[in-house]
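First up is the structure itself, then whatever we jot down about it.
The values are calculated or read from the model by the stated rules, or taken from the named source; none is laboratory data. Since we're looking at a predicted model, the values are computed, not measured. Every residue, glycine among them, receives a Cβ derived from its backbone with ideal geometry; neighbour counts consider all protein chains shown.
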Amino acid sequence: MSGYYEVDGKQVPHDEEGYITNLSDWSKELAEVIAKEEGIDMTDEHWEVVNFLREYYDEYQIAPAIRVLVKAMKKKFGPEKGNNKYLYELFPYGPAKQACKIAGLPKPTGCV
Amino acid sequence: MSEVKNFLYVNRKAPHGTIYALESLEVVLIGAAFEQDVALAFLDDGVFQLVKGWDTSELGVKNFQPAYTALGDYDISKVYVERESLEERGLTEDDLIEMTYEDEDDDWAEKSSIRIVSREEMAQIMRDSDVILSF
């Protein structure tokens, strides 16, 4: 169901899957709110992935598929962070899906 | 394991004015996420999709051109551009954006994905493809 996230007394609209409608509504505070709804306690490691996704989107205008995210993370942070296990431990319901939602990006294309 | 098929996405239309270019790109990304063998073809006005320096600020649409440069991350290494289509529009390879991929078989060296081919070669590429999706 579509609805709103509450941040600092303001309502930020999201779609039926929880992705925010206007990408410009995003803020760090909002990310914490979305993460909480996803059952995720944001650590520095979570932020690293979220910030990385935002940078990727900024450069390419797309949210990467999981396979692409893994490869790009590996390139930037090395194999200990650029692997499925690490990313699924941080975001159990799918790193691309969950991390993109928290990062305020659209759902990755091809993500089912 | 299911058989991997050769998919060829044929792009014939200018990037704006219709939704074809953007839709094609979305389908390409979906196809690549499912690890099919994906190649792209640009011919007719479709070559304008790869011409550098889009400015969509007055069109009210997102500039999705940067997404083409991410296709290398999706292991798309074959982007065929028809020479005759470029020439008929007064364009050369220098007018096109850079598209690269990392070659797994060559120590991940970065290489250009764009291959300029003749109309005749393009016809052969189409004959050799298992699935052709036309946009």
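Based on what the data block shows, is residue B:48 out of contact with any Lys or Arg (no Cβ under 9 Å at 6 or more places or on another chain) and buried (at least 18 other Cβ atoms within 10 Å of the Cβ)? Break it down stepwise before answering.
Values: out of contact with any Lys or Arg (no Cβ under 9 Å at 6 or more places or on another chain): no; buried (at least 18 other Cβ atoms within 10 Å of the Cβ): yes.
It is false that residue B:48 is out of contact with any Lys or Arg (no Cβ under 9 Å at 6 or more places or on another chain) and buried (at least 18 other Cβ atoms within 10 Å of the Cβ).
Go through the residues of region A:93-112 one by one and say whether even a single one is of a type outside the set (Val, Ile, Thr) and more than 30 Å from residue B:65 (Cβ to Cβ).
Among the residues of region A:93-112, at least one is of a type outside the set (Val, Ile, Thr) and more than 30 Å from residue B:65 (Cβ to Cβ), which makes the answer yes.
Could you tell me which residue of region B:24-59 is nearest to the other protein chains (Cβ to nearest Cβ), considering only residues that are more than 20 Å from residue B:77 (Cα to Cα) and assigned to a helix (DSSP H, G or I)?
Step one: list which residues in region B:24-59 are more than 20 Å from residue B:77 (Cα to Cα), which gives B:44-45, B:53-59.
Checking which are assigned to a helix (DSSP H, G or I) leaves us with B:44-45.
On the way: B:44: 25, B:45: 22 Å.
For region B:24-59, the residue satisfying everything is B:45.
Out of the residues in region A:39-69 that are closer than 30 Å to residue B:23 by Cβ and not in a helix (DSSP H, G or I), state the one that is farthest from the other protein chains (Cβ to nearest Cβ).
Across region A:39-69, the extreme among qualifying residues is A:63.
Is it true that residue B:123 is under 25 Å from residue B:3 (Cβ atoms), out of contact with any Phe, Trp or Tyr (no Cβ under 8 Å at 6 or more places or on another chain) and either touching a residue at least 24 places away in the same chain (Cβ under 8 Å) or surrounded by fewer than 15 Cβ atoms within 10 Å (Cβ to Cβ) (or both)? Quick ask: steps written out before the conclusion?
Values: under 25 Å from residue B:3 (Cβ atoms): yes; out of contact with any Phe, Trp or Tyr (no Cβ under 8 Å at 6 or more places or on another chain): yes; either touching a residue at least 24 places away in the same chain (Cβ under 8 Å) or surrounded by fewer than 15 Cβ atoms within 10 Å (Cβ to Cβ) (or both): yes.
Against the criterion (under 25 Å from residue B:3 (Cβ atoms), out of contact with any Phe, Trp or Tyr (no Cβ under 8 Å at 6 or more places or on another chain) and either touching a residue at least 24 places away in the same chain (Cβ under 8 Å) or surrounded by fewer than 15 Cβ atoms within 10 Å (Cβ to Cβ) (or both)), residue B:123 qualifies.
Only one residue in A:74, A:101, A:97 is over 21 Å from residue B:23 (Cβ atoms), without any contact (Cβ under 8 Å) to a residue 12 or more places away in the chain and of a type outside the set (Gly, Ala, Ser). Which one?
Values: A:101 fails: without any contact (Cβ under 8 Å) to a residue 12 or more places away in the chain; A:97 fails: without any contact (Cβ under 8 Å) to a residue 12 or more places away in the chain.
Checking each option against the conditions leaves just A:74.
Going through region B:29-47 one residue at a time, which ones are under 11 Å from the mean Cα position of the chain (by Cα) and either within 18 Å of residue B:121 (Cβ to Cβ) or at pLDDT 95 or above (or both)?
Result: B:39, B:40, B:41, B:42, B:43, B:46, B:47.
Among residues belonging to region B:72-90 that are within 23 Å of residue B:7 (Cβ to Cβ) and either part of a helix (DSSP H, G or I) or charged (D, E, K, R) (or both), point out the one that is farthest from the other protein chains (Cβ to nearest Cβ). Walk me through how you get there before you give the answer.
Initially, region B:72-90 is screened for residues within 23 Å of residue B:7 (Cβ to Cβ), giving B:72-83, B:85.
Going one step further and asking which of them are either part of a helix (DSSP H, G or I) or charged (D, E, K, R) (or both), we end up with B:72-75, B:78, B:82-83, B:85.
On the way: B:72: 10, B:73: 5, B:74: 6, B:75: 8, B:78: 17, B:82: 25, B:83: 28, B:85: 25 Å.
Among them, the one singled out is B:83.
Can we say residue A:2 is surrounded by 12 or more Cβ atoms within 10 Å (Cβ to Cβ), farther than 25 Å from residue A:89 by Cβ and over 11 Å from the mean Cα position of the chain (by Cα)? Spell out the reasoning first.
Values: surrounded by 12 or more Cβ atoms within 10 Å (Cβ to Cβ): no; farther than 25 Å from residue A:89 by Cβ: yes; over 11 Å from the mean Cα position of the chain (by Cα): yes.
When the stated conditions are applied, residue A:2 does not pass them.
The rows are residues; the columns are (1) of a type in the set (Ser, Thr, Tyr); (2) in contact (Cβ under 8 Å) with a residue 24 or more places away in the chain; (3) farther than 14 Å from residue B:44 by Cβ.
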position	(1), (2), (3)
B:75	no, yes, yes
B:86	no, yes, no
B:91	no, yes, no
B:99	no, yes, yes
B:102	no, yes, yes
B:112	yes, no, yes
B:115	no, yes, yes
B:119	no, yes, no
B:128	no, yes, yes
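Does residue A:71 count as under 24 Å from residue B:66 (Cβ atoms), modelled with pLDDT under 95, surrounded by fewer than 20 Cβ atoms within 10 Å (Cβ to Cβ) and of a type in the set (Lys, Arg)?
Numbers: under 24 Å from residue B:66 (Cβ atoms): yes; modelled with pLDDT under 95: yes; surrounded by fewer than 20 Cβ atoms within 10 Å (Cβ to Cβ): yes; of a type in the set (Lys, Arg): yes.
Yes.
Residue A:14 is checked against (1) of a type outside the set (Gly, Ala, Ser); (2) more than 11 Å from the chain's Cα centre (by Cα); (3) surrounded by fewer than 17 Cβ atoms within 10 Å (Cβ to Cβ) and fails just one. What number does that condition carry?
(3)
Residues of region B:60-71 being outside any helix (DSSP H, G or I) and either within 14 Å of chain A (Cβ to nearest Cβ) or modelled with pLDDT of 95 or more (or both), which ones?
Initial filter on region B:60-71 (outside any helix (DSSP H, G or I)): B:60-64.
Result: B:61, B:62, B:63, B:64.
Yes or no: region B:62-83 includes at least one residue that is of a type in the set (Lys, Arg), under 25 Å from residue B:31 (Cα atoms) and over 11 Å from the mean Cα position of the chain (by Cα).
Residues of region B:62-83 that are of a type in the set (Lys, Arg), as a first pass: B:62, B:78, B:83.
In the following step, the residues that additionally are under 25 Å from residue B:31 (Cα atoms) were identified as B:62, B:78.
With over 11 Å from the mean Cα position of the chain (by Cα) added as a condition, the list becomes B:62.
Yes: one or more hits.
Only one of these is under 18 Å from residue A:23 (Cβ atoms), modelled with pLDDT of 90 or more and either buried (at least 17 other Cβ atoms within 10 Å of the Cβ) or of a type in the set (Gly, Ala, Ser) (or both): A:86, A:60. Name it.
Details: A:86 fails: under 18 Å from residue A:23 (Cβ atoms).
Answer to the check: A:60.
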